[in-house]
Amino acid sequence: MGVVATTHTGQNSVPGAQNTAQNTAHTGQNSAPGAQNTAHTAQNTAPGAASAPKQDRSRATRQRLLEAAVACLAEHGWAGSTVLVVAERAGVSRGAAQHHFPTREDLFTAAVEYVAEQRSSALASLAGGDRREIAAAIVDLYTGPLFRAALHLWTAATNEEQLRPRVTELEAKVGRETHRIAVELLGADESRPGVRETVQGLLDMARGLGLATLLTDDSARRSRVVAQWASLVDAQLGP
């Protein structure tokens, strides 16, 4: 009986061992999805890490296109500044250019907005100078390539129906921002009679001198005009 009992016990122990082995096997199998999940997590992390350089490249491409558009407008005018010409100058394909700016109007409107931002940044950096220096610096902003590019777009907008409302709206915005910055830099109190008109007169005069510079280099005459106008502005604005 003892032997038989032992035999039965041995036989009974086998299923337990098998169950343990099976459970172990299942445990091992169940751990596999966890490993797979880890792999999926690693895969999911990769696109996020790759997106930052891709966005950087996209921003860099857009910046090159805007700078190329401004340069083309300044050098060739509206007629000679096609999307293809700008794309070639920026070193990108025409398809890449149209990805960022679907139409020619989109590209050059954005270019002039870029010009306006650059001009505003340049104006804001003048803080700290006296009024005569600031007046002269404002004029300088209207005699460089940024102003020349904007002027070509204004000219084109007079004949391009699709372009005109965009440029009109943009220039109104640019004009308000430029006036605001000039008032701050000059320390002008517009509650006083005539002060607002004096500041606007300075900006209008600067624009006129910028137009004159397109045909000839009149820097000597311009410097005398600016010096006289700066004195008038300083006297009109008061302490």
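The numbers here are math on the coordinates, done by the rules we state, and not lab data. Keep in mind the model is a prediction, meaning the values are calculated, not measured. We place every Cβ from the backbone using ideal geometry, glycine too, and count neighbours over all the protein chains shown.
Going 7 Å from the Cα of ALA220 toward and past its Cβ, which residues in the stretch 107-151 have a backbone nitrogen under 19 Å from where you end up? Output list for this probe position: empty. Placing dummy labels 7 Å off each Cα toward the beta-carbon, the span from LYS54 to LEU84 is 3.0 nm. Net charge in the neighbourhood of GLY129 (other residues with Cβ under 15 Å of its Cβ; Lys, Arg +1, Asp, Glu -1) is -3. Convex hull over the Cα atoms of the stretch 59-188, averaged projected area in nm²? Answer in nm², one decimal: 8.0. In terms of its alpha-carbon gyration tensor, the stretch 130-191 comes out oblate; a/c meets the 1.5 threshold, while b/c is at least as large as a/b. When the P(r) of the stretch 143-239 is calculated, the portion above 24 Å amounts to 34% of the C-alpha pairs.
Report note on the peptides 97-106, 53-62, 146-155: ranked by the mean count of other C-beta atoms within 10 Å, highest first, their order is 146-155, 97-106, 53-62. In the stretch 151-222, Cα pairs under 8 Å separated by at least six residues give a relative contact order of 15 percent.
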